[in-house]
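None of the figures in this text is laboratory data; all of them are computed from the coordinates on show. Values in this document were obtained by computation on a predicted structure and should not be read as measured data. Note that we place each Cβ from the backbone using ideal geometry, even for glycine, and neighbour counts take in every protein chain shown.
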C-alpha cells in the first residue's frame, strides 16, 4: 500500500487542532490545484485561502477561488440594473476593504493576489477568482468547500463551518470534515458531491446563483500594485511572513499596573471580592491573573466561570486560550481539560463526569492524579441547576474558585441556588455591581463576595487613556398626536393603579400600563426622522457602528406590525448601508460570526437589542446610536462601554454616541400623577447628564439637556438621586 505523507483524520476543530500547521500546510504541501468556496469577497477572503501556504504558491500550485459579496436588498436591486452597477458595487466592497489595514497585511496579500492573477502556468493564471451571488435574496452565498488535487489523481475535500472572517484563522471557531479519495466509498461519494457543487458554480450552472468574473476596476487596481519582478514578489512574501510571524510570536498579554492592583486587592481580601471596573478596562484579563494565582498557590483547583449569556461563555473560552498562549511561560494557565456547560452542549454532563474520573481518582498504586486543575465554563442559569451543583459537590480534594461575570444579574431569588458556600474563592465582575432598585439583592451579592475590592470608573478610565474619549449628541423628539393620546390614556391608567395600590395586589403582565407606556415611548414614530437626520449628517457612510433598538411592539400598532428593529434595518438598506442584526433568537455561533464580520468591516453596522448590552468585546466599534434605552443605569453604562474600548487594530482615537430621546408631554400639575411623571423625566435627564458630564463636547451637551429640564421645572445643576426622591 502506498505510504502517504499526509493522511488526515475525519473531524477537525480549531478549538482543539492547529489547523494551519496540522491540516492546511501538510495537505497543500505537494498539491497542484486548490479549489475553494470562500465566504466573503474581499482581500481577506484571499488571505484566508493563501495565509501560511506560501510553499504551495511558490511550487506553482494553482488556486480557483469562488467568493461572495455581502449585499443589502437595495444593493441587490442596483446590482441587477446593469453591468456597470454590478461592477461598481463589487469594486467598492473590495477596495474599501483595503483601506482599513493598519499593519499593511491586506495590501501585501493583494499584491500577492495580483502576482498570481498574472502568473500563468501552462497558459492558465495561477489564481482565478469568480464571484457568486444568490439570485433571489440579498446576502452571502454561504456554502464553504475546499478541494485539494494531487498530481497522482488523488483528492481531499473538506466542508463545514469554516469561518473566514479574519486573516488570523486562529481567532475563529472552525469545524469541518475531511474526505480522502483513497478511503472507502463514502469518502469517494462525498468528494464527488463537493466536486459537482464546485464545478456547477464555477461554470455558472447552479440554479438560483449567478457567477461573475472579478470586476474590471479590481483587476486594474491589482495590476497597478502587482510585483513587477520575481524579486519584488519574493520580497512581498517575506513581508507577509514577517508580519504573520511577529503577530504570532509577540507577547500579547501582560496585566497592566491597575489590573495587578485589582488582583492584589482581591488576594489581600482572602481571595474574595468584586471588581467594579468600567466596561472595556479588562476585567476578564484581570480575572485570568487571579486564576493564575489560584493555580500557582494550590496543588489542585477547579475554576468555574459563569456568564449571563451563552455567547459570553464562548467569548471567555476563546479569550482564556488567547491569554494563555500569549503570556510568558511562567504566567500560563492550565486550561486543559475544560468543559462548557449549558444547553447548547447536550453532552456536557457526560464530559464533566469523564473529567471528574481523571480528577478525583488517583493513578493505581500512587497518590498522583491524571488531572490537577481544570476549567468549567457555564451560564448563570446552569450554575444554579441541580445537575450542575450535584457535579460540583462531587469534586474531591481541590479548591473551588467561582468567577461570576456581570454579577449584577444574580437576583435575590437565584442567589440561593447559585451562590453556594462550597466555593472557596470568589470573584464577582461588573461595571455596575449594585442592582438597580434592589438593595436586598445588592447586599446579598456584596456579602457573598465580601464587597468591592477594586474600583475603576469610566471617568478615570478615560482620563488615564485606558478608554476612548467620546462625543455625546442628543436628538430630542416628541410624540405624534396619536401617540400623545395613548400616552395620556396610559398615564391615567397608571394613576388609577397607584391610587388602588393598597386595595389590589400588583400584577406584572402584558397589560401593565407602565410597560405599555415605556414601549410606546421606545417606539415613537419621530425617532425614525431623527435617525434619518443622523444618517444624513454622516453622509450614509457608517463604519463600525452599533444601533440599539427595541423589539417590543408599540401599544398603538397591530401586533404583527414591523418592529423597530426591522424598520431600522429597512431604513439602512434603502440607504445602501450594509448591516446585520443580533437578537436573542440568534444561535450563539451566529452572534459571534456577525460580530466578527462587523469587526472585519464586512458590515457597516449591526443593529441589536439587549443581548449586546453586556460583556461583548468589539473594540473596533466607534459609533453608537441609541434608538431605545431603559432608565436602568446598568443598561446605559454597559451600552456606553461597548463603544469606548480602544482598538490597536483600527487606531481608534475617540467614539461618538447619538442618543435619540423622547420628551414626554409636559405634565399637568393639577394631575395626581404629576409627581411620578416628573420623577420619571428626572431619571431620564439624569442619564443624559451622566453621559454629557464626561463627554468631549460637555458644554454643548449640557446646554441641550438644560433646555429640556427647564420645561419640566427640573434643576439640572443639583439633579441627582436624592433630588429625584425629593420631588413633590
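Could you work out the pair-distance distribution P(r) of region 257-463 from its alpha-carbon pairs, with 10 angstrom bin width and percents rounded to whole numbers?
Using 10 Å bins, I get a P(r) of 8, 36, 38, 15, 3, 0 for region 257-463.
What relative contact order, as a whole-number percentage, does region 257-463 give when Cα pairs under 8 Å and 6 or more residues apart are counted?
So the answer I get is 35 percent.
If you rank 230, 379, 607 by fewest surrounding Cβ atoms within 10 Å, what's the result?
Going from least to most buried by this count: 230, 379, 607.
Neighbouring Cβ atoms within 10 Å as the yardstick, rank 232, 684 fewest first.
232, 684
Test of understanding: what is the full-extension gain from residue 231 to residue 358, defined as 0.36 nm times their sequence separation minus their Cα-Cα distance?
Separation in residues times 0.36 nm, less the Cα-Cα distance, equals 40.2 nm.
Tell me, in nm to one decimal, what length is gained between residue 152 and residue 189 on full extension, where the rule is 0.36 nm per residue of separation less the Cα-Cα distance?
11.4 nm
For residue 463 and residue 397 in one chain, what is 0.36 nm times their gap in residues minus the Cα-Cα distance, to one decimal in nm?
19.2 nm
Where does each of 532-543, 24-35 land if you order them by average Cβ count within 10 Å, highest first?
Values: 532-543: 14.1, 24-35: 18.8.
In decreasing order of mean packing, 532-543, 24-35 become 24-35, 532-543.
May I ask you to order 196-208, 340-352 by the average number of other C-beta atoms within 10 Å around their residues, highest value first?
340-352, 196-208
Give me the percent of Cα-Cα pairs in region 440-491 that sit more than 12 Å apart, rounded to a whole number. Could you put the intermediate results ahead of the total?
Working: 1042 of 1326 pairs.
For region 440-491, the fraction of Cα-Cα distances above 12 Å is 79 percent.
Modelled label-to-label distance, residue 84 and residue 297, 7 Å Cα→beta-carbon offset: nm?
7.2
How compact and how long is region 280-343, expressed as Rg and Dmax of its alpha-carbon atoms in Å?
11.9, 35
Per Stokes-Einstein, at 10 °C and 1.306 mPa s, what whole-number D in µm² s⁻¹ belongs to region 504-584, with the Kirkwood radius over Cα pairs as the hydrodynamic radius?
In µm²/s, the coefficient is 111.
Extent of region 363-481 along each principal axis, from alpha carbon coordinates, in Å, largest to smallest?
78, 38, 27
Give me the one-decimal Kirkwood hydrodynamic radius in Å for region 675-728, with the sum taken over alpha-carbon pairs.
Result for region 675-728 stands at 11.1 Å.
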